[in-house]
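Novice: Mind looking over this structure? Questions follow.
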Amino acid sequence: MPGLIAIVGRPNVGKSALFNRLVGRRIAIVHDEPGVTRDRVSAEVEWRGHAFTLVDTGGLGLLRGEKARDVIVAATVQQVNLAIDAADVVIFVVDVHDGVVPLDCEVAQRLRESGKPVLVAANKADSKQAALKAIEFAELGFEKVFPVSAIHGHGIDELMKAAVAFLPESNRLSLISDAAAEPPALKIAIVGRPNVGKSSLINALIGSERVIVTPVPGTTRDAVDVPFEVDADGIRQRYVLIDTAGIRRKRSIASSIEFFSVTRAEGAIARSDIAVLVLDADSGVVQQDKKVAGLIVEHNKACVIAVNKWDLFEQQVKTAARQRQKLKSLTAGKMPLTLAEFAKWVQDRLFFLDYAPVIFISAATGFNLDRLLEAIRYVAAQLQQKIPTAILNRTLHDAIERRQPPSSHGHRLKFFYATQIKQAPPTFLLFVNRVELLTDQYKKYLADQLRRAFGYEGCPIVLVARPRPRPGQEQEDKTR
């Protein structure tokens, strides 16, 4: 396992800004409002030849209006404690402008009790005068205090040179070479509207409380990457599960923080290999589910649909069956009762995503989670298909023979040949006489025929039309 560096501190001292600076890109949401980060946000980082896992955490301490018994506050503190316990070294972030405040003392006491090496990062030292104030943090009782500016990068090298000295020696160089030898982990974005059970699903898959789960919609804010490994038939499968904020309607977004959360969720879809669209069995397919599904289609991502909370819906059905007079009202205009009927019902309502397999699960009981992983592995394998050009053209020729291409103003669409130019998503280049004659409807027909011939379950099929090059044009292009 790689070494682990945890970033901790009270709210609004710049922990996420430091995290983003070290990672080299904006992962954690940075905002002036305290308490934005709640989950542990982690990333694999290489710093001057040292590879390690960096973890950003929520602020320790209560904000105005919060109560110690608040479920989100308690869960945030639990996530911070887990990060501290797992860390090889802790970077304790404080604010030079505020000086030492009581909350800093409380965090310092918790860190002393952990027995972990602690480096104090006196953040927001953007000037020489501000940097001189860092010395007062020596009263917190830790040996090393580093004036830094996460925004401008001042003092970061000195801080990290001290931090990586605490990492396990055996992991410093071997991690990079091992990572190069292994195929990259499959990135799985867990997406859906708020409160359908996305975080619960991730925790159930990995078997621990890795991300915060509460009944409060909108608990997740950052897109949280969770590395995950599973042995399947003696083969180790590596995944990165991306927990995302629930995607709401734009007019329902109440704050700039939520706007950035939703933007990160959309970004998670864009950078994923496969999206798992989580639905609520009791609610069925609502309008916002269709919006999220549309984002998956827009980004041409492979997809598996997970209908969560099936145990609760199934119990409703059983209860209604015992009270036959209520059975009609339960099912009228809502949804079917059997798994097969329900799957067909879902695909009919998400007709533009009908290539995605539908798996019924319960994150609470663990029902069918193994089948969900099997579906993800199968879809990933489908994405790797490379169709030989001769077989591809024969398949398309037969499809065109069965259904003639469209025509317009006396001109009929003619196909010359095709070739596969990309695997994820499966993308095929079609050379034709007139690009404008290839309608969306006929593209859908050809994609369905390719799916029938080669499978591609869970995968979008992209068809790109181009006019056939003139004789000698290829040589002209090379000359240019």
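Novice: For a quick check: with amide H placed at 1.01 Å from N, whose amide H comes under 5 Å from HIS154's, ignoring anything fewer than 5 positions away on the same chain?
Specialist: Under 5 Å from the amide H of HIS154: SER149.
Novice: Right, another one. Using only the alpha carbons of the stretch 359-439, what is the convex hull's orientation-averaged projected area in square nanometres? Don't jump to the answer; show the numbers that get you there.
Specialist: Values: hull surface 31.0 nm².
Seen from a random direction, the Cα hull of the stretch 359-439 projects 7.8 nm² on average.
Novice: Also: Quick one: if you stick a label point 7 Å off each Cα along the C-beta vector at TYR445 and LYS344, how many nm between them?
Specialist: Spacing of the two 7 Å Cα→Cβ label points: 2.6 nm.
Novice: Can you compute 3J(HN,Hα) from phi for each residue in the stretch 293-303, using the Karplus curve 6.51 cos²θ - 1.76 cosθ + 1.60 with θ = phi - 60°, rounded to whole Hz and x for Gly and Pro?
Specialist: 4, x, 5, 4, 5, 4, 8, 6, 9, 5, 8
Novice: Here is a follow-up. Which parts of the stretch 425-455 would a label at PHE351 reach, counting a residue when its backbone N lies under 14 Å from a point 7 Å out along Cα-to-Cβ?
Specialist: 441, 444-445
Novice: Something else: Could you calculate the contour length gain from GLU143 to ASP282, that is, 0.36 nm times the residue separation minus the distance between their Cα atoms, to one decimal place in nm?
Specialist: Between GLU143 and ASP282, full extension yields 44.5 nm more.
Novice: By what distance, in whole Å, do the Cα atoms of the stretch 98-150 stretch along each of the three principal axes, largest value first?
Specialist: 33, 21, 17
Novice: Right, another one. For the stretch 389-479, with the dipole built from +1 on Lys and Arg beta-carbon atoms and -1 on Asp and Glu ones, taken about the Cα centre, which of ILE461, ALA424, GLN404 lies farthest toward the positive end?
Specialist: Of the options given, the answer is GLN404.
Novice: Taking H placed 1.01 Å from N in the peptide plane, check which residues at least 5 places from PHE146 or on another chain put their amide H under 5 Å from its amide H.
Specialist: Close amide H contacts, sequence-distant or interchain: VAL120, ALA121, ALA122.
Novice: If you don't mind, another one. Within 10 Å, count the other beta carbons around each residue, average over each peptide in 272-279, 405-412, 190-197, and list them highest first.
Specialist: Numbers: 272-279: 26.0, 405-412: 10.9, 190-197: 24.1.
The densest-packed peptide leads the list: 272-279, 190-197, 405-412.
Novice: In addition: Antiparallel DSSP bridges in the stretch 389-479: what percent, to the nearest 5? Show your work: numbers first, answer last.
Specialist: Working: 8 of 14 bridges.
The answer is about 55 percent antiparallel.
Novice: Using the Karplus equation 6.51 cos²θ - 1.76 cosθ + 1.60 (θ = phi - 60°), what ³J(HN,Hα) coupling, rounded to whole Hz, does each residue of the stretch 85-100 give in order, writing x for Gly and Pro?
Specialist: Running phi through 6.51 cos²θ - 1.76 cosθ + 1.60 with θ = phi - 60° gives 4, 8, 6, 7, 8, 10, 9, 9, 8, 10, 10, 5, 6, 7, x, 7 Hz.
Novice: Another question about this same structure. Measuring from label point to label point, each 7 Å out along Cα→Cβ, what is the ARG236 to LYS187 span in nm?
Specialist: About 2.2 nm separates the two model spin labels.
Novice: To continue, here is another question. To the nearest 20 debye, what charge dipole does the stretch 338-480 have about its Cα centre, counting +1 at the Cβ of each Lys and Arg and -1 at the Cβ of each Asp and Glu? Mind showing how you got there, number by number?
Specialist: Values: 21 positive and 14 negative charges, 114 e Å.
The dipole magnitude comes to about 540 debye.
Novice: Right, something else. Taking amide H positions as placed in the peptide plane 1.01 Å from N, state which residues far from ASP95 in sequence (5 or more) or on other chains have amide H under 5 Å from it.
Specialist: Here ASN123 satisfy the definition.
Novice: I want to check the label-to-label distance for HIS97 and ARG394. Put each point 7 Å from Cα in the C-beta direction and report it in nm to one decimal.
Specialist: Result for the modelled spin labels: 7.0 nm.
Bear in mind that the values in this text are calculations on the coordinates, not laboratory data. Model, not experiment: these values are computed from the prediction. Here Cβ is always computed from backbone atoms with ideal geometry, including for glycine, and neighbour counts include all displayed protein chains.
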